[in-house]
Every structure is written in structure tokens, then in C-alpha cells.
Amino acid sequence: MAIVHKASLSPTKLELIASWLPTRPWFGGDADVAFTQVGAFRFDDPAGEVGLQVLLVRPEGGGPLYQVPMTYRSAPFDEAGAGLMGEMAHSVLGPRWVYDGCHDPIFVGELVRAVLTGGTEVDELVEVDGKVVNLPKSMHVSGSGDGSVTLPALGTLDVRTAGGDDSTAVVRSGSVEITVPRVLDGRVDIAGVATLTGSWGDGDSACLATVRLLDG
């Protein structure tokens, strides 16, 4: 489960995305556009230090649906420096450094775990009037695995891109190759790979990631 604090953020997550996403090669549209959140889910950091969240966003007024994996850290993390999205001030936790999850080994490790074990999003808890309650979920995710495969050890991440518009992140680590589509337009090749599928709204769904175990 993930503990969520009632807090103010500056900038907000959508404001941070609006400043970062238009600078990416897979973004097509107005650089000054604002975004609407369509859905979101979280994984847990086993150590309880790093926030792990994925947001699905769409430009206000319509347009492609973008998947934005984000990690929230209390200090700069040089290993993921190429994926720094920006900084935000959290009224409870203080300064937060926000990274593209595809560059953060904690997010990638939990993504692989969810895919290969049939895992799901975690519950989000918040304290309201002295009581801890579950926040309603805006989407659900599930991995296609059943835990029969030994989870591979991950090392340094090698993050590349695929597609003519670089709209798929390809992350290699040890004997694992993970793909994460940045634009959810149905172009993901799921043949022969384990998958993470997300569902939201009135029956909308998409493949959010694939995991392939490499020979050798």
C-alpha cells in the first residue's frame, strides 16, 4: 500500500508534466498546452523511500493519450539524471526531485515484478479527520505473469528509444528488456512477451509495458 499525504504541490504534477512533456520527441502538439489526467496508479518502493506513480494524461481539448511514469525522491539521484523531469515543493515532505520512471531502477524493478508475478497497482491510503481511508482508484493494472519465473536481477539501466518518433522507451538491464509506450495508441507488439495491462473509464484499456527475458 502507498501512504498519500494531503498536501499542496508547487508546481503540481500536471504543471510539471506540461513543462516537460512538450520537450520530448514523442510529443506532438502545442508547447503551451495544459493536460487533463485520465487515470493514475502507484507501485510501492519496498524500502518506502521513493514514490512510484504512473499518470495517463491527455491535452485539454483532445489529442493523444500519454503515459508518464514518475518517481518522487527526497534528494537528487545522479543515476537517473538523464530522466530528471524537474523539482517540486511538497508541503508535507519538502523538496522532491521528480524523474521519468523509465530511468529510475526502483520503478523499473517494481514494474518487472508486477508484470512477471501477475501484480497489480497498490492501494492508496490517506488520513482524513483522524481516520485512514482508501482513496478511490481511477484505473487498474495487472501483470500477465503468474510468478513461475524467478525474478531476474537488475543492474544498470540502459534506456533507449524505438519507433520513428521515439515513442517507445526500451530499457535493458541484465537479462531483461522492458518496453514502455509513451503514447497509448495501440502500437505495442505483445507477441511472445509478458505484459502489464491497464484499464480505466468506461472499458478503455491498453498495454502499458512489456517484459522480455533475454537469452544469455
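Residues in the range 106-162 that are of a type in the set (A, V, I, L, M, F, W, C), out of contact with any helix residue (DSSP H, G or I) (no Cβ under 8 Å at 6 or more places or on another chain), in a helix (DSSP H, G or I) and under 16 Å from R212 (Cα atoms): how many? Let's see the steps before the verdict.
Pass one, the range 106-162, residues of a type in the set (A, V, I, L, M, F, W, C): 106-108, 111-112, 114-116, 122, 125-126, 128, 132-133, 135, 139, 141, 149, 151, 153-154, 157, 159, 162.
Those still in the list that are out of contact with any helix residue (DSSP H, G or I) (no Cβ under 8 Å at 6 or more places or on another chain) too: 106, 112, 114-116, 122, 125-126, 128, 132-133, 135, 139, 153, 162.
Those left that are additionally in a helix (DSSP H, G or I): 106, 112, 114-116.
Filter once more, keeping what is under 16 Å from R212 (Cα atoms): 112, 114-116.
Counting residues in the range 106-162 that are of a type in the set (A, V, I, L, M, F, W, C), out of contact with any helix residue (DSSP H, G or I) (no Cβ under 8 Å at 6 or more places or on another chain), in a helix (DSSP H, G or I) and under 16 Å from R212 (Cα atoms) gives 4.
Out of the range 56-105, which residues are outside any strand (DSSP E or B) and of a type in the set (K, R)? Break it down stepwise before answering.
Here is the first cut: in the range 56-105, the residues outside any strand (DSSP E or B) are 60-65, 74-83, 91-93, 101-105.
Once the filter is applied, which keeps residues that are outside any strand (DSSP E or B) and of a type in the set (K, R), the range 56-105 yields nothing.
Show the residue pairs meeting these rules: Cβ distance below 7 Å; 6+ apart or different chains; first residue within the range 200-216 and assigned to a loop (DSSP other than H, G, I, E, B); second residue surrounded by 19 or more Cβ atoms within 10 Å (Cβ to Cβ) and modelled with pLDDT of 90 or more.
Going by the 7 Å Cβ cut-off, the qualifying pairs are L214/V176.
Show the residue pairs that are 6+ apart or on different chains and have beta-carbon atoms under 9 Å apart, the first residue being within the range 107-123 and more than 20 Å from V159 (Cα to Cα), the second being of a type in the set (A, V, I, L, M, F, W, C) and in a helix (DSSP H, G or I).
T120/A114; E121/A114
Here's a check for you: in the range 163-172, which residue that is of a type in the set (D, E, K, R) and outside any strand (DSSP E or B) is nearest to the chain's Cα centre (by Cα)? Let's see the steps before the verdict.
Step one: filter the range 163-172 for residues of a type in the set (D, E, K, R), giving 165-166, 172.
Cutting the leftovers down to outside any strand (DSSP E or B) gives us 165-166.
On the way: D165: 20, D166: 17 Å.
So, considering only residues that are of a type in the set (D, E, K, R) and outside any strand (DSSP E or B), the one nearest to the chain's Cα centre (by Cα) is D166.
Taking the residues in the range 25-55 that are aromatic (F, W, Y) and in a strand (DSSP E or B) as candidates, determine which candidate is surrounded by the fewest Cβ atoms within 10 Å (Cβ to Cβ).
Once the filter is applied, the top-ranked residue is F35.
When the range 54-68 is examined, which residues are found to be of a type outside the set (F, W, Y), out of contact with any Ser or Thr (no Cβ under 8 Å at 6 or more places or on another chain) and within 16 Å of S199 (Cα to Cα)?
First pass over the range 54-68, keeping only residues of a type outside the set (F, W, Y): 54-65, 67-68.
Filter again for out of contact with any Ser or Thr (no Cβ under 8 Å at 6 or more places or on another chain), leaving 54-56, 61-65, 67-68.
Selection gives V54, L55, L56, L65, Q67, V68.
The values are calculated or read from the model by the stated rules, or taken from the named source; none is laboratory data. Everything numeric here is computed off the predicted structure, so don't read it as measured data. Virtual Cβ from ideal backbone geometry, glycine too; neighbours counted across all protein chains shown.
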